[in-house]
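Below is one structure; the comments refer to it alone.
The values are calculated or read from the model by the stated rules, or taken from the named source; none is laboratory data. Note that the structure is a prediction, hence the values are computed from the model and not measured. Virtual Cβ from ideal backbone geometry, glycine too; neighbours counted across all protein chains shown. We work out accessible area using only protein heavy atoms, side chains counted, and drop any ligands, DNA or RNA first. Shrake-Rupley method; radii C 1.70, N 1.55, O 1.52, S 1.80 Å.
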Amino acid sequence: MAQTSGRGWLAEHWLAVGSPVVLLVAWELASAQGVLREAFFPRPSTVVVHLSGLVADGTLPGHTVATLARIAWAFALAAVLGVVVGLAMGLWRQLREGLDPVFAVIYPIPSILFLPLVSFLVPRGEIALILTTAVTSFFLIAFTTTHGVSQIDPLVIEAARHYGARGRRLFTAVLLPGALPFVFTGLRLGLGYALIVVVAVEIVNASRGLGALLWLSWQVLKVEDMYAAFLVIAALGAVLSYGLAALRRRLLPWAQDVADR
């Protein structure tokens, strides 16, 4: 049955699986035939062999762990604050009207630009990197959570209040469950942006991490190291995004993913 289920999944998602394979095969052939200059576009098979060497000598695991630790702290901070602020904004119109202009001004600013400002407030180092990484994820999670609360039927909230639901009980028993599909969509988007921003921040202001490895490799033209970092970043993005989507399907099997609507 497991084998049949696996074949069914492959039949349903053949395009998602096949397109990267086709791209890699085309790249391999183009580099082998000289269509692409192999010094700058090494064959994927060469990159994989080189990547295994970086894993064996501990270089890649060290940089990967540093990046994952920053993502974990930044995402946890953004998720907690974003959900709480989003629920509050969805419940209290005055708070939403007061914060909407602030969000509208700050959100479009690229997160990397907050690094100098954050460095004025906290010592330069891990805390500054983590806070900068958390900014965009916080806004995404807060936005989607607010929208999730706003789509809950007001009669449900009034009924809950009538039966004594106030404060934390109202949040945990009514608002959070009702907004969960939107919350998970925000978490998924926020986690993806956390990876993007942390790599950018590491390029600018870090000596460890996948972004730092990528940038240093480019500076000294260690092309295989650069593509190995690219490959790991891409794999992390896929694992984090699809992993959170799988968690949503397990916890909320009845709810459609808002991103799929």
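The residue that is farthest from ARG249 (Cα to Cα), counting only those in the range 173-208 that are at pLDDT below 90 and outside any helix (DSSP H, G or I), is SER207.
Here is the figure for the range 239-252: residues that are open to solvent by 40 Å² or more (accessible area, probe 1.4 Å), within 11 Å of the chain's Cα centre (by Cα) and hydrophobic (A, V, I, L, M, F, W, C) total 2.
All conditions but one from (1) closer than 30 Å to MET89 by Cβ; (2) within 12 Å of the chain's Cα centre (by Cα); (3) open to solvent by less than 80 Å² (accessible area, probe 1.4 Å) apply to ALA165; the one that does not is (2). Of the candidates SER150, SER207, the single residue that is of a type in the set (S, T, N, Q), surrounded by fewer than 24 Cβ atoms within 10 Å (Cβ to Cβ) and in contact (Cβ under 8 Å) with a residue 12 or more places away in the chain is SER150. Taking the condition buried (at least 22 other Cβ atoms within 10 Å of the Cβ), of a type in the set (Phe, Trp, Tyr) and farther than 19 Å from LEU117 by Cβ, does PHE171 pass? The answer is no for PHE171.
Pairing each residue of the range 164-182 that is at negative phi with any residue that is modelled with pLDDT under 75 and assigned to a helix (DSSP H, G or I), provided the two are 6+ apart or on different chains, yields C-beta distances under 6 Å for PRO181/VAL258; PHE182/VAL258. Filtered by the rule that a residue be in a helix (DSSP H, G or I) and either open to solvent by 60 Å² or more (accessible area, probe 1.4 Å) or free of Cβ contacts under 8 Å to residues at least 40 places away in the same chain (or both), the range 90-105 gives ARG93, GLN94, LEU95, ARG96, GLU97, GLY98, LEU99, ASP100, PRO101, VAL102, ALA104, VAL105. With respect to the conditions (1) at pLDDT below 90; (2) part of a helix (DSSP H, G or I); (3) surrounded by fewer than 23 Cβ atoms within 10 Å (Cβ to Cβ), ALA79 lacks only one, and its number is (1). Give the residues of the range 41-76 that are in contact with a helix residue (DSSP H, G or I) (Cβ under 8 Å, 6 or more places away or on another chain), outside any helix (DSSP H, G or I) and open to solvent by less than 50 Å² (accessible area, probe 1.4 Å), sorted by residue number. Answer for the range 41-76, where residues must be in contact with a helix residue (DSSP H, G or I) (Cβ under 8 Å, 6 or more places away or on another chain), outside any helix (DSSP H, G or I) and open to solvent by less than 50 Å² (accessible area, probe 1.4 Å): just PRO42. One residue stands out in the range 44-73 among those that are under 30 Å from THR136 (Cα atoms) and without any contact (Cβ under 8 Å) to a residue 40 or more places away in the chain: the one that is farthest from the chain's Cα centre (by Cα), namely PRO61.
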